[in-house]
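Notes follow once the structure below has been shown.
The values are calculated or read from the model by the stated rules, or taken from the named source; none is laboratory data. Quick caveat, the model's predicted, so the values are computed rather than measured. With ideal geometry, Cβ positions are generated from the backbone for all residues, glycine too; neighbour counts draw on all protein chains shown. All accessible areas refer to the heavy atoms of the entire protein, side chains included, with ligands and DNA or RNA removed. Shrake-Rupley method; radii C 1.70, N 1.55, O 1.52, S 1.80 Å.
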Amino acid sequence: MDFNLPDDLREVQATIRDFMLTRVEDRAQEIEHTNSVPPELIKEAADLGLFGLSIPEEYGGVGLSSLGRCAVYEAMGQGHMGFGGMISAHASIGTSGLVKLGNEEQKQRFLPRMAAGECIAGFAITEPSSGSDAGNIRTKAVKKGDVYVLNGTKHYISNAPIAGLLTVIAITDPAQGSRGMSAFLVEPQSTPGVSIGKIDEKMGQKGALSAEVIFEDAEIPAANLLGPENRGYREALGILTNGRVGIAARSTGAMQRLLDLSVAHAQTREQFGKPIAEFQAVQFMLAEMEVAIQTSRVLWQKVAWMVDQGQDVKRMASVAKYHATEMLSQVADKAVQVAGGMGYVKDAPFERFYRDQRLLRIYEGTSEIQKVIIAAELLRR
Ligand SMILES: Cc1cc2nc3c(=O)[nH]c(=O)nc-3n(C[C@H](O)[C@H](O)[C@H](O)COP(=O)(O)OP(=O)(O)OC[C@H]3O[C@@H](n4cnc5c(N)ncnc54)[C@H](O)[C@@H]3O)c2cc1C
């Protein structure tokens, strides 16, 4: 066994970390205040290949393995989590369905523009009446000639306000329940009958916009059916499963940044005539953060490796996501505590990470749903 990441991936990580901690961090206050990502940063991220992480080279992407993508996600996690969230919603759940299931015409039509950051993608399954219970959605797609007519409402859809392409899950055969769902490629900006609702005002992750997507007799060309009809739910679960490994990696990066900030603060902040790092109470918080990081990193690396080996990662992706996101919440809390008052005010990044990280225990399956999946897999054996 070799636990070292290959040299080329470590170099890529260093480049992305540098981009996140300099170029993006320099604009962090602007992103926070405007709730949008400056177009120059989108262009720079595209030039670095971040929008094409999972897109094969023949379509203009960098076509990284799961291990490679997650290594990038960990580096990205060290920076602004809203910026990282916008990119990962595109590169992960927004892209992977098309890469896996798309036919040649569909891939040629979208992937090169997606890799260039000119067409930002998202994935839409959640509805007001069905979140965790994703097999119970109501949006319907009825085939009429060479179009499917979609009616229904999705909500909390990441990137929807800026998306050029959404992978949308809708019911095509109501009699079959979750076995009667299909996936569609929808261009929200140019399809009559598709509209984007009010942008959600969120606790954190500024710049990662989410909103409702409303379908009112929206005619989607039959050529935009993604994969076989009535396979949408199964494929959606696969997309979400692989996305969970990436969230575990992003969480690990965020924890690393919080630990680095906490160590630096503890070594320089003096109270009672000495650095607070000399107090064992503070040392223990740092040690607990390190344990959280090391265990989370080993887990995402193992699961990403399993994906690349073609192994079934349903249980382990949930283990990794559950562990890393729960640990991140604890680490963010400890980092605020080590920083004291500075942890609570907006001058330093502690407060921002504290708000931003909370989402990771909710989206792409809540912590409770991860435990439901893990237990179901254990009991199924
Ligand atoms: C900012 C943001 C961005 C998002 N981006 C996307 C996106 O891009 N695409 C998309 O499709 N969706 C997206 N979502 C939706 C997200 O995946 C859902 O919010 C999430 O799956 C939870 O669903 P819910 O909000 O309906 O909560 P609910 O399902 O109502 O859950 C509420 C509580 O009940 C618990 N619960 C529910 N069922 C069970 C059970 N069986 N056992 C134990 N506990 C249970 C949950 O764990 C939770 O604690 C996003 C959400 C947010 C907030």
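Take GLY246 and decide whether it is part of a loop (DSSP other than H, G, I, E, B) and in contact with a helix residue (DSSP H, G or I) (Cβ under 9 Å, 6 or more places away or on another chain).
Numbers: part of a loop (DSSP other than H, G, I, E, B): no; in contact with a helix residue (DSSP H, G or I) (Cβ under 9 Å, 6 or more places away or on another chain): yes.
No; evaluated as a whole, the condition is false for this residue.
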Out of SER178, SER158, SER132, report the one residue that is free of Cβ contacts under 8 Å to residues at least 60 places away in the same chain and assigned by TED's automatic domain parsing to the domain that holds LEU226. SER178
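Would you check which residues across segment 343-374 are closer than 21 Å to ASN242 by Cα and either open to solvent by less than 40 Å² (accessible area, probe 1.4 Å) or not in a helix (DSSP H, G or I) (or both) and list them? Can you show your working first?
The initial filter retains those residues of segment 343-374 that are closer than 21 Å to ASN242 by Cα, namely 357-374.
Answer for segment 343-374, where residues must be closer than 21 Å to ASN242 by Cα and either open to solvent by less than 40 Å² (accessible area, probe 1.4 Å) or not in a helix (DSSP H, G or I) (or both): GLN357, LEU360, ILE362, TYR363, GLU364, GLY365, THR366, SER367, GLN370, ILE373, ILE374.
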Residue tally, condition within 13 Å of the ligand (Cβ to nearest atom) and under 21 Å from the mean Cα position of the chain (by Cα), over segment 152-185: 16
Selected residue (only one of GLU104, GLU127 is in contact with a strand residue (DSSP E or B) (Cβ under 9 Å, 6 or more places away or on another chain), free of Cβ contacts under 8 Å to residues at least 60 places away in the same chain and either open to solvent by 10 Å² or more (accessible area, probe 1.4 Å) or outside the structural domain of GLY63 (by TED's automatic domain parsing) (or both)): GLU127
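Residues of segment 324-381 being of a type in the set (Lys, Arg) and near the ligand (Cβ under 10 Å from one of its atoms), which ones? Give the steps one after another, and end with the answer.
Residues of segment 324-381 of a type in the set (Lys, Arg): 334, 346, 352, 355, 358, 361, 371, 380-381.
Residues satisfying the conditions are ARG358, ARG361, LYS371.
Looking only at strands (runs of 3 or more DSSP E) that lie completely in segment 179-241, which have at least 2 residues being charged (D, E, K, R) and open to solvent by 20 Å² or more (accessible area, probe 1.4 Å)? Walk me through how you get there before you give the answer.
Numbers: elements: 181-186, 194-199, 210-221.
Of the strands (runs of 3 or more DSSP E) lying wholly inside segment 179-241, those with at least 2 residues that are charged (D, E, K, R) and open to solvent by 20 Å² or more (accessible area, probe 1.4 Å) span 210-221.
Given the residues MET1, MET20, which is the only one that is without any contact (Cβ under 8 Å) to a residue 24 or more places away in the chain and among the aliphatic types (A, V, I, L, M)?
Within the list MET1, MET20, the selection yields MET1.
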Could you pull out the residue among GLY68, GLY60, GLY49 that is within 30 Å of ASN224 (Cα to Cα) and surrounded by fewer than 21 Cβ atoms within 10 Å (Cβ to Cβ)? GLY60
